[in-house]
Amino acid sequence: MTEYTFTLKYKLSDADCDLTELVERLGAAGCDDALIGVGQPGRLALEFTRESSNAEAALMSALRDVRAAIPTATLIEAAPDFVGLTDVADAIGVTRQNMRKLMLSNPTTFPSPVHEGSAAVWHLAEILKWLSAKGTYRLEQTVREIAETTMQINLAKSSELLSPKIQRALQDLVHS
């Protein structure tokens, strides 16, 4: 068994406002391995440290446990996935300046951001895969596994919003 650390962020329904009751329900449903955060009203973040045979099993079991405890909650995001250069630098133990230098010195091979603007955002898994291929950084396998799995969950969640017509039209037009 391996230990995986990840965060699930949820939007709560109006019916799920009693935090004491939510904590009890989450514990009873098997989420006793999660730290519970409630910063913004109507939101819930659960940072899990879950033992499992692989990252996918850890995340799926956590998603099932939360669904059992709070069936009306809506998943916003699984993390770590969407990151800035500072987040990546922290994850691999280098400075933000080092990450920026890597990005700028490898313009054609560095992964494309999922959002580019005043603050660019990438999928952590894509950057970790790129760094791994370079072979110059020692990356924890569990971090790579969890980043890949959270990215897949977020992509699947987002794909539900696509109409089949647009999905078919984009299939040949979007180059990854």
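The values are calculated or read from the model by the stated rules, or taken from the named source; none is laboratory data. Since the model is a prediction, treat every value here as computed from it, not as a measurement. A quick note on method: Cβ atoms are made from the backbone with ideal geometry, for glycine too, and the neighbour counts reach across all protein chains shown.
Some notes on this structure:
- Residue within segment 117-126 that is under 20 Å from the mean Cα position of the chain (by Cα), modelled with pLDDT under 95, surrounded by 17 or more Cβ atoms within 10 Å (Cβ to Cβ) and of a type outside the set (Ser, Thr, Tyr) present: no
- Matching entry among Gly93, Gly39 (being within 24 Å of Trp130 (Cα to Cα) and of a type outside the set (Lys, Arg)): Gly93
- There is no residue in segment 76-91 that is on the phi > 0 side of the Ramachandran plot and modelled with pLDDT under 95.
- Among residues of segment 124-143, those that are part of a helix (DSSP H, G or I) and either of a type in the set (Gly, Ala, Ser) or under 16 Å from Pro111 (Cα atoms) (or both), counted: 11
- Annotation: Ser118 fulfils all but one of (1) over 17 Å from Thr86 (Cβ atoms); (2) part of a loop (DSSP other than H, G, I, E, B); the unmet one is (1).
- Test: residue in segment 75-86 that is exposed (fewer than 14 other Cβ atoms within 10 Å of the Cβ), in the same structural domain as Leu19 (by TED's automatic domain parsing), touching a residue at least 24 places away in the same chain (Cβ under 8 Å) and closer than 22 Å to Glu145 by Cβ: no
- The residue list Ser112, Ser61 contains one member that is touching a Lys or Arg at 6+ places or on another chain (Cβ under 8 Å) and small (Gly, Ala, Ser), which is Ser61.
- Residue within segment 144-163 that is acidic (Asp, Glu), at negative phi and not in a loop (DSSP other than H, G, I, E, B) present: yes
- Criterion: at pLDDT 95 or above, in a loop (DSSP other than H, G, I, E, B) and of a type outside the set (A, V, I, L, M) - qualifying residue of Pro107, Pro111: Pro111
- Segment 11-32, subset touching a Ser or Thr at 6+ places or on another chain (Cβ under 7 Å) and among the small types (Gly, Ala, Ser), residue surrounded by the most Cβ atoms within 10 Å (Cβ to Cβ): Ser13
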